[in-house]
1. Within the range 1-27, take every residue that is touching a helix residue (DSSP H, G or I) at 6+ places or on another chain (Cβ under 7 Å) and outside any loop (DSSP other than H, G, I, E, B) and give me the one that is surrounded by the fewest Cβ atoms within 10 Å (Cβ to Cβ).
2. Could you list, in sequence order, all residues of the range 66-83 that are in a helix (DSSP H, G or I) and either in contact with a helix residue (DSSP H, G or I) (Cβ under 8 Å, 6 or more places away or on another chain) or surrounded by 15 or more Cβ atoms within 10 Å (Cβ to Cβ) (or both)?
3. Select, from 58, 27, 23, the only residue that is on the phi > 0 side of the Ramachandran plot and at pLDDT 80 or above.
4. When the residues of the range 63-76 are narrowed to those that are in contact (Cβ under 8 Å) with a residue 12 or more places away in the chain and over 16 Å from residue 25 (Cβ atoms), which ends up nearest to the chain's Cα centre (by Cα)?
5. Identify all residues within the range 46-57 that are out of contact with any strand residue (DSSP E or B) (no Cβ under 7 Å at 6 or more places or on another chain) and surrounded by 12 or more Cβ atoms within 10 Å (Cβ to Cβ); write none if there are none.
6. Give the residues of the range 31-65 that are out of contact with any helix residue (DSSP H, G or I) (no Cβ under 6 Å at 6 or more places or on another chain) and part of a helix (DSSP H, G or I), sorted by residue number.
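The values are calculated or read from the model by the stated rules, or taken from the named source; none is laboratory data. Since the structure is predicted, the reported quantities are computational estimates derived from the model, not experimental observations. We place every Cβ from the backbone using ideal geometry, glycine too, and count neighbours over all the protein chains shown.
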């Protein structure tokens, strides 16, 4: 936290610099900083990023800009996997039962 905010130092460190220094990903550094700030202040300060579902166009929010999530809920995720031919065995079994 001290390095990230530059407390008692010449300058603040970037997430990239901290990640390199400690051998972590920038996403992990972001998560650790957000958790520490939430713990210290008692307020959830994690940023939220709005996205549109690639399947239905509905809006949803992720907590990290690095998130690869592209669907708004599990139903859209299952349908997207079905379209891509990667449905789970359970989903494939249910699909063949309804035919």
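1. Applying the first criterion (touching a helix residue (DSSP H, G or I) at 6+ places or on another chain (Cβ under 7 Å)) to the range 1-27 yields 1, 3-4, 8-9, 12-13, 15-16, 18-19, 25-26.
Subset that is outside any loop (DSSP other than H, G, I, E, B): 3-4, 15-16, 18-19, 26.
Working: 3: 16, 4: 18, 15: 17, 16: 10, 18: 19, 19: 17, 26: 17.
Once the filter is applied, the top-ranked residue is 16.
2. First, the residues of the range 66-83 that are in a helix (DSSP H, G or I): 74-83.
Once the filter is applied, which keeps residues that are in a helix (DSSP H, G or I) and either in contact with a helix residue (DSSP H, G or I) (Cβ under 8 Å, 6 or more places away or on another chain) or surrounded by 15 or more Cβ atoms within 10 Å (Cβ to Cβ) (or both), the range 66-83 yields 76, 77, 78, 79, 80, 81, 82.
3. 23
4. Per the stated criteria, the residue is 69.
5. 46, 54, 55, 56, listed by residue number.
6. Passing the criteria: 31, 32, 34, 35, 36, 37, 38, 39, 40, 41.
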